[in-house]
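Q: Got a structure for you, written out below as C-alpha cells; questions coming shortly.
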Amino acid sequence: MEKEFNTFKNVIRLPHKYAAGPTYTKFYNGLKESKILGTRCPSCAVTFVPARSFCPKCMKNLDTWVEVAQEGEVQTWTYAGKDFFGIPGKAPVVIVLVKLDGTEGSFLHLIGGINLESADTVKKALRKGTRVKAVWNEEKKGHMLDIKYFAPLSKKR
Amino acid sequence: MEMKHEDYYILEDQVSIPYENAYGLTWTRFFEGLKSEKIFGSRCGKCNRVLVPMRSYCPRCFIEIDDTIEVSQEGAIVAWVLTEYEYFGMPTKPPFIGALIRLDGTDCEFVHLVGGIDLSNPDQVRKTVKNGMKVRAVWKEEKKGHILDIKYFEPVK
Amino acid sequence: MGRPVAILGSGQTVHGRRFDVSYPELVKEAVDAVFETTGISPADIDGVVFGTMPSMMEGVALTHFYFADVLRSVGKPILKTETCGSTGVSLAITGYYWIASGMADLVLVVGSEKMHEGDAQATMTTVLEPFYQRFFISGAPGVFSMQSQGWTVRFGIPEDKIRAAATKLSIDHHHDAFDNPYAHIKKRLTEDEVNNARIITYPVRLWDVCPTSDGACAMLFASEKAAKKLGKKVAWVKGVGYSGDEYWFGDSDKAEWQCAISASRQAYEMAGIKNPRKELDVAEVYNPFTFQELLFYECFGFCGFGEACDLTLKGVFGRDGELPISPSGGVLCTNPIGATGLNRVAEAALQVTGQAGAHQIPGAKTSLAHAMGGVVQFNGVMILGSEK
Ligand SMILES: [Zn+2]
Ligand SMILES: [Zn+2]
C-alpha cells in the first residue's frame, strides 16, 4: 500500500524586485557608512529604527532623521539550532530583538561573538537586559546584514 | 541633498519554496497508465460522464467514482492557442500550442499540446489547426509517469 | 436581503511602475486619499477588508499583516479576501456583506498589487495545479486567448470581424484613458499599430492585452445611518452576484460561460434589472483582453451570443453609445490585479455620484462593476445606483 502513493517534488522559484522607496534607501545608505538611522515622530516623540516613512500610531509622515546609538539592550531572543530551507545564513543562529538606546520598540537582528553551540551556551551569555553592540562587516552593500550581528559588551567596560 | 527617484534602491530577491505534492491513489493510477501508453478516465455512476484525467469524485454529483476506463487516444480540438512569448519559470518553452481536446467518448476537455506541425509562422499555423480537427496522442520513448509522457497530440492524417 | 449599503467614496493611487515608493507606502496613498476625500476619521471604522491577487505576487505571503499599520487596522478586525483577478469585486462584496449583516457601520475596503516587484506570469502559473495543467497554460494570455478562440469559432464570427472589433476597443480604451487621471497606459493608437503589433498568444497582440501596473484602491462602505451622518452624495449597492465553475479547465463551457452569466443574473435579479442594456447607464467590465471583453457583453446579456462584434463596430458600447463600457479606459489600460476589480467598483461609484470628471457619463444613475478570476473560473458583479 505504502508504495502506491507517489509524490511529486517541485521547487517553485519566483523572482522579485522590492522597491525600497526614499526612506528605506536613506536608511540603507546609512548602513553603508556604518550608521544606524531612525526617524522621529514629532507628534508622539517616538524614534523608529529602522527608519520609517510614517508613524503607525499618529499616521504622520516622518522626515526628522536621527542617527541612533549602536548599543542597546536585549529584549528577547531565540536559538535556531537546525537548518531549514531558506534560513538566513546557516544554523545555529540566534535571533534577537534589541532596544537601541534612545529608541522605542525593537530592532530585529542576529547575535554573534558568543558560543552558539547549544541553547545552553547561549543562555550563559544572553539574558533580557544584556548590553549588546553592533558589529559591522568590512564590506558594506547597503543591506541589513551590513551589520554582521550584535555582540554582548564585555562586562568590564 | 534631495535624492532622485532613480537613486532609490531596489532589493532583488528570488523566493524558492520546495514542495512535495501527493498524487493520492487515483492520480497514481492515472500516471501508471501513462507509463504503459494508456490514458485512463473515470465514469461517474450518477451523471454517466467520462472525465479525463481520472478523478476520485464527480465535481457535479459529489459522489465517489471508482469506475476506471481506458479512453481513446484520439479526439477533436475544441480550442487552441499558439503561445509566442516566454516568462520566468515557464514550464514549456514557446512556441507551442496549448489546446482543449475532447477525447472520443469522453465528456470534458483534456488540456495538452498540439504538435507535429511547423510552428514558426502563425499565419500558417492558423491555416493548419482548426477547431474540430482530429488529433492523436504521440508518446515519448522514455516514460516517467508524467503528463508529458504524451509528447503532444498530432493531426490525424 | 440585509440592510442598505452605501459607498461613501474611494481613493485610487496613480498607476505605473511605482518604484518611487515601497509597497506599504503605495497602499497608504490610496487609504489616505479615501479618508481625505470623504472627511471620515480612521478612528471611526469598524473593520478592514484587504486583498491582493495571489499571495506571493510580491514575495510577501500575507500582505494584510505587512500593511496593518497603513490600513489603520490596529486594534480592529481585518478580513482577507483573495480570488485571483476577481479579488477586487470580492473585496467589495465582503465589505457589503459586513455592513448588510448589521455587524458593522463603516468598513474600509482596500485592494492592491505591486506587479513590478514580482513576475506576474510566473506567479499566475502557480494558480494551476502541478500535475496536469501547469505545462500547457501560458499564463493569463494563454488561458484567455484559448477561451476567446473557442467562443469565436462556436458562434462563427469571422476572424477579420473579431479583429476589427478588438482593434476598435483597444483604440477607444487607450484613448479614454487620457480622461482618467489614475490610468496607467494612455495612448493614441492607429488601426495599423494595433493590427500589426507583436503577437503574444495568437491571435492576441500586444495592444489587446492589459499592462502590469502597481497601484492600490481604497473604498469606504457604510450603513444608511453612517451615510446620512456624512451628508454627502453617496452610491448605493443595488445588487451583488458571484459565481464560479469547477476547478478543471476543460470541465465546463467557457464560451457560453455559465459563471459569468449567473453572476450577472444574480446581481440583476437583486437590483430588479430586466434589460441591462437599457437599464444600465454605464458598465465597468473587467477587460484585461479585448477579445474577452466582447465575450462578457454577451454573457452579461448586453446583447445576444454572436452579436458583440457587430454592435461594438456600430458604436453601441462606445462613450456616446447606448451602454458605454469602461469609460475609464478599464483594465486594458490599468491593471494592478488585486486592486483592479475594486477600481471597477470605485469607477462605477464615481459615475453614479457624478464625480467621474472628464470621463463622466452624463446623468448616469445605474452602473455595473465586474471582475473575473482564476483560470477563467470565477466572476463577480456589483450593481450601483444613485438612489437607495
Ligand atoms: Zn507618532
Ligand atoms: Zn457525476
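The values are calculated or read from the model by the stated rules, or taken from the named source; none is laboratory data. None of these values were measured; they are calculated from a predicted model. So basically every Cβ, Gly included, is an ideal-geometry build from the backbone, and we count neighbours across all protein chains shown. When the accessible area is computed, the model is the full protein with side chains, heavy atoms only, and any ligands, DNA or RNA have been set aside. Shrake-Rupley method; radii C 1.70, N 1.55, O 1.52, S 1.80 Å.
Q: Nearest 100 Å² is fine: what is the total accessible surface buried where chains B and C meet, probe 1.4 Å?
A: About 3600 Å² of accessible surface is lost on pairing.
Q: Once you put a point 7 Å from the Cα of A:Ala125 and another 7 Å from the Cα of A:Lys141, both along the Cβ direction, what distance in nm separates them?
A: Going by the 7 Å Cα→Cβ label model, 2.3 nm.
Q: Let me ask something else about it. Using only DSSP helix segments of four residues or longer, with each worth -39500 (n - 2.57), what per-residue ellipticity at 222 nm results for chain B after dividing by its residue count and rounding to 500?
A: Only helices count here, giving -3500 deg cm²/dmol.
Q: Applying the Karplus parametrisation 6.51 cos²θ - 1.76 cosθ + 1.60 with θ = phi - 60° to the phi angles of the range C:378-388, what ³J(HN,Hα) value in whole Hz is obtained for each residue in order, glycine and proline being reported as x?
A: Calculated HN-Hα couplings, in order: 10, 9, x, 9, 9, 10, 10, x, 7, 10, 5 Hz.
Q: Measure nothing fancy, just the Cα-based angle from helix C:23-38's long axis to the longest principal axis of chain C, in degrees from 0 to 90, nearest 10.
A: 70 degrees
Q: Still on this model: Rounded to the nearest 5, what % of DSSP beta bridges with both residues in the protein assembly as shown are antiparallel?
A: Antiparallel bridges make up about 90 percent of those DSSP assigns within the protein assembly as shown.
Q: How much solvent-accessible surface does B:Lys130 expose, in Å² to the nearest 10, with a 1.4 Å probe and all protein chains in place?
A: Ignoring ligands and nucleic acids, B:Lys130 comes out at about 110 Å².
Q: Right, here's the next one. At 1.4 Å probe size, with the rest of the protein present, what percent of the exposed accessible area of the protein assembly as shown is carbon and sulfur atoms?
A: 52 percent
Q: Spin-label point model (7 Å from Cα, Cβ direction): what's the B:Arg60 to B:Ile117 distance in nm?
A: So the two model labels end up 2.9 nm from each other.
Q: Quick one: work out the % antiparallel among DSSP beta bridges in chain C, nearest 5.
A: So the antiparallel bridges in chain C amount to around 75 percent.
Q: Can I ask one more? Averaging the inverse of every distinct alpha carbon separation and then flipping it gives the Kirkwood radius. What is it for chain B, in angstrom units?
A: Averaging 1/r across every pair of different Cα atoms and inverting gives 18.2 Å.
Q: While we're looking at this one, here's another question. Starting at the first residue of the range A:23-35, write each ³J(HN,Hα) from the Karplus equation 6.51 cos²θ - 1.76 cosθ + 1.60 with θ = phi - 60°, in whole Hz, x for Gly and Pro.
A: So the Karplus estimates, Gly and Pro as x, are 5, 5, 4, 5, 4, 5, 4, x, 4, 4, 9, 6, 10 Hz.
Q: Using a simple charge model, +1 on the beta-carbon of Lys and Arg, -1 on the beta-carbon of Asp and Glu, nothing else, what dipole does the protein assembly as shown show about its Cα centre, in debye to the nearest 20?
A: Its charge dipole is roughly 1540 debye.
Q: When chain B is treated as a GNM, springs tying every alpha-carbon pair under 10 Å, which of B:Tyr87, B:Tyr19, B:Tyr57 comes out with the largest mean-square fluctuation?
A: B:Tyr19
Q: Using unit Cβ charges (K, R positive; D, E negative) and no other charged atoms, how large, in debye to the nearest 20, is the dipole of the range B:23-155 about its Cα centre?
A: Roughly 200 debye for the range B:23-155.
Q: OK, next. In square angstrom, rounded to the nearest 10, how much accessible surface does A:Cys55 have for a 1.4 Å probe?
A: 0 Å²
Q: Here's a follow-up. Between C:Val110, C:Val21, C:Val48, which gets the highest mean-square fluctuation from a Gaussian network model of chain C, Cα cutoff 10 Å?
A: C:Val21
Q: Now for a separate question. Please give the helix C:139-154 orientation as an angle from the longest Cα principal axis of chain C, in degrees from 0 to 90, rounded to the nearest 10.
A: 50 degrees
Q: Under 18 Å from a label point 7 Å along Cα→Cβ of C:Phe178: give me every residue in the range C:344-388 with its amide N that close.
A: Of the residues in the range C:344-388, C:357-361 have backbone N under 18 Å from the label point off C:Phe178.
Q: Counting each DSSP H run of 4 or more residues in chain C as -39500 (n - 2.57), what helix-only mean residue ellipticity at 222 nm follows after dividing by all residues, to the nearest 500 deg cm²/dmol?
A: The helix-only estimate for chain C comes to -10500 deg cm²/dmol at 222 nm.
Q: How would B:Lys93, C:Lys28, C:Lys161 rank on accessible area, largest to smallest, probe 1.4 Å?
A: Accessible-area ranking of B:Lys93, C:Lys28, C:Lys161, largest first: B:Lys93, C:Lys161, C:Lys28.
Q: Ordering C:Arg205, B:Arg126 from largest to smallest accessible area (1.4 angstrom probe), what's the sequence?
A: From most accessible down to least: B:Arg126, C:Arg205.
Q: Which percent of Cα-Cα pairs in the protein assembly as shown sits in each 10 Å bin, short to long?
A: Spelled out per bin, shortest first, that is 3, 14, 22, 22, 19, 13, 6, 1, 0.
Q: Okay, moving on. Taking just the C-alpha trace of chain A, give me its Rg and Dmax in Å.
A: When restricted to the Cα atoms of chain A, Rg and Dmax are 19.2, 67 Å.
Q: Another one. Using a 1.4 Å probe, how large is the accessible area of A:Val68, given in Å² and rounded to the nearest 10?
A: 10 Å²
Q: I'd like to check one number: the per residue accessible area of the protein assembly as shown, probe 1.4 Å, reported in Å² as a whole number.
A: Per residue, the protein assembly as shown has an accessible area of 41 Å².
Q: Another question, if that's okay. Angle, helix C:87-100 long axis vs. longest principal axis of chain C, Cα atoms, 0 to 90°, nearest 10?
A: It is inclined by approximately 40 degrees.
Q: Can you compute the modelled spin-label distance between A:Leu108 and B:Glu142, with each label point 7 Å from Cα toward Cβ, in nm?
A: Label at A:Leu108, label at B:Glu142, 4.4 nm between them.
Q: Further, regarding this structure: Taking H placed 1.01 Å from N in the peptide plane, check which residues at least 5 places from B:Phe96 or on another chain put their amide H under 5 Å from its amide H.
A: Amide H to amide H, under 5 Å and 5 or more residues apart or across chains, B:Phe96 pairs with B:Thr83.
Q: Compute the longest continuous run of chain B that contains no exposed GluC sites (Glu not before Pro); treat a site as exposed when its DSSP state is not H, G, I, E or B and it has at most 14 other Cβ atoms within 10 Å.
A: B:87-140
Q: In the range A:21-152, if the dipole is taken from +1 on Lys/Arg beta carbons and -1 on Asp/Glu beta carbons about the Cα centre, which of A:Gly38, A:Ile147, A:Trp136 is farthest to the positive end?
A: A:Gly38
Q: How many Å² of accessible surface get buried when C and A come together, counting both sides, probe radius 1.4 Å, rounded to the nearest 100?
A: The contact between A and C buries close to 1800 Å².
Q: So, R0 is 35 Å and r is the distance between the beta-carbons of C:Gln258 and B:Glu86; what FRET efficiency does that work out to, to 0.05?
A: E between C:Gln258 and B:Glu86, to the nearest 0.05, is 0.60.
Q: Dipole of chain C, Cα-centred, from +1 at each Lys and Arg C-beta and -1 at each Asp and Glu C-beta, to the nearest 20 debye?
A: It works out to roughly 740 debye.
Q: Take every DSSP beta bridge whose two residues both sit in chain A, then give the antiparallel share in percent to the nearest 5.
A: 95 percent
Q: Determine the residues within the range C:170-213 where the difference in accessible area between the chain on its own and the full set of protein chains amounts to at least 30 Å²; count protein heavy atoms only and use a 1.4 Å probe.
A: Checking the loss per residue gives C:Ile199, C:Ile200, C:Tyr202.
Q: Can I ask one more? Using a 1.4 Å probe and counting only protein heavy atoms, how much accessible surface gets buried when A and B come together, both sides summed, in Å² to the nearest 100?
A: By this definition, chains A and B bury close to 2600 Å².
Q: Going toward the positive end of the dipole of the protein assembly as shown, with +1 on Lys and Arg Cβ and -1 on Asp and Glu Cβ, which of B:Ile77, C:Ala358, C:Pro181 do you reach last?
A: C:Pro181
Q: Mind checking which of C:Ile383, C:Ile171, C:Gly47 is farthest towards the positive end of the protein assembly as shown's charge dipole, using Cβ charges of +1 (Lys, Arg) and -1 (Asp, Glu) about the Cα centre?
A: Toward the positive end, the furthest listed residue is C:Gly47.
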